[in-house]
Amino acid sequence: MRDVGLAEELAQDALVAALERWPETGIPDKPGAWLMATAKHRAIDLLRRSKRLERKHEQLGRELETQQEIAMSDLDGALDDDIGDDLLRLMFIACHPVLSTEARVALTLRLLGGLTTDEIARAFLVGEATVAQRIVRAKRTLSEARVPFEVPRGDELAARLSSVLEVIYLIFNEGYAATAGDDWMRPALCEDALRLGRILAELAPQEPEVHGLVALMEIQASRSGARTGPAGEPVLLFDQDRARWDRILIRRGLAALGRAEQLGGALGPYALQAAIAACHARARTPDETDWARIAALYDALAQIAPSPVVGLNRAVAVSMAFGPAAGLELVDALTSEPSLRAYHLLPTVRGDLLAKLGRLGEARAEFERAASLTRNARERELLLERAAACVRGAVPD
């Protein structure tokens, strides 16, 4: 059919029907099959009223006749397979590389996350009209490019899967550490990304990196309750009350990491990052963290997915494993990197290492520079507090 707008309308109609009927009749044993069947019935009604789609209607009629031959015991399972296939196709369409990153994120949240245009706009602190335009343009681009409603195969699958994973993780990261605004976190976005990741893991169980991404998000999300204080202020990793970490999410994350490892082959970028997160999750106290292993994992990550940000994270791990001077040497080598010129975490890390070395005047300047670069109000307050601590002669935590 290749009509993303119509697919969205059918999905929304099915959800509305569920909200109206399920409170009275109860949730069916197979809600996915119920939604799919409802959407199909709606599609049949639309097709019957449209002369333009008469041939499609005939084809669907033949498919329905064939389906009637399926034994009733197998029908629910068949419908579940259908909805699974359709969800997977929608993921690959919404995250198609022909779209800009912003359009992919907006369309994914609209089609698969169930968010309204206004909710997406508020989540990313942009105007509702901007998000609406992105979605409209995305649908038009997909239509003009005649993107097929199918899951890619062969070499194309790996490239397209990478795009899907990237979009899901972008959504998660925006919720985990908001780039702008007054809130340090937006938990609803983390939940949306986790839900999409879990669905994808069910639909693509043989893809190690899918499980790696789910593992990474589960473990990171486990810290959410400890990452903010009573007034919503950020609480850094070393200051967090680890008793508030969600052990259920940690277990789920470790299990997903185990599945990625069991599928064999070298770990990909997401699985390696999940292995790093697992080192933190397994440590009962900050002092028990295996920083040497984390540094080694970052070495492996830098080999397969080199980037200045990976290099900065590796420098932090090296500083924890082998001392702040060793870490500062690596950070200083990154100060001329153009892509990090406006990245507030570079002066943040540098300020932290300088403070640990007792160079408080230089550290204060770095924290103040980082505060001027961040667009998140909560983070700016924290960085200015750390700068003030340097003035008082105290090494900030």
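Please treat every number below as a calculation from the coordinates, not as lab data. Given the structure is predicted, the values throughout are model-derived calculations rather than measurements. So basically every Cβ, Gly included, is an ideal-geometry build from the backbone, and we count neighbours across all protein chains shown.
Couple of notes before you dig in:
- Backbone HN-Hα couplings from phi across segment 217-228 [Karplus 6.51/-1.76/1.60, Hz, Gly and Pro as x]: 5, 4, 5, 5, 5, 4, 8, 3, x, 9, 8, 10
- Debye-sum result for segment 136-176 in log10 I(q)/I(0), which assumes one identical scatterer on each alpha carbon, at q = 0.14, 0.18, 0.24, 0.35 Å⁻¹: -0.45, -0.70, -0.93, -0.99
- In terms of its Cα atoms, segment 96-249 spans 51, 39, 20 Å along the principal axes, sorted from long to short.
- Dipole of segment 193-279 computed with +1 at Lys/Arg Cβ and -1 at Asp/Glu Cβ about the Cα centre; of Ala255, Pro269, Pro230, farthest Cα towards the positive end is Pro230.
- Stretch gain in nm, segment Gln303-Ser162, where the contour uses 0.36 nm per residue and the Cα spacing is subtracted: 49.0 nm
- Value of Rg to Rh for segment 275-397, rounded to two decimals, is 0.97; Kirkwood radius and Rg both from alpha-carbon coordinates.
- In segment 212-302, trypsin sites (Lys or Arg not before Pro) in a DSSP loop with at most 14 other beta-carbon atoms within 10 Å: Arg284
- Inter-label distance, nm, simple model (7 Å from Cα along the C-beta direction), Ala255/Thr130: 4.0
- Value of relative contact order over segment 96-146, rounded to a whole percent, pairs C-alpha under 8 Å and six or more apart: 42
- Taken along its three principal axes, the alpha carbon spread of segment 96-146 comes to 31, 19, 15 Å, from the longest extent down to the shortest.
- D_trans [Stokes-Einstein, Kirkwood Rh over alpha-carbon pairs] for segment 160-281, 10 °C, 1.306 mPa s, µm² s⁻¹: 109
- Distance histogram for segment 267-341 (every C-alpha pair counted, 10 angstrom bins, percent rounded to whole numbers): 20, 49, 28, 3
- The residues packed around Gly361, meaning those with a beta-carbon under 15 Å from its beta-carbon, carry a net charge of +3 if Lys and Arg are +1 and Asp and Glu are -1.
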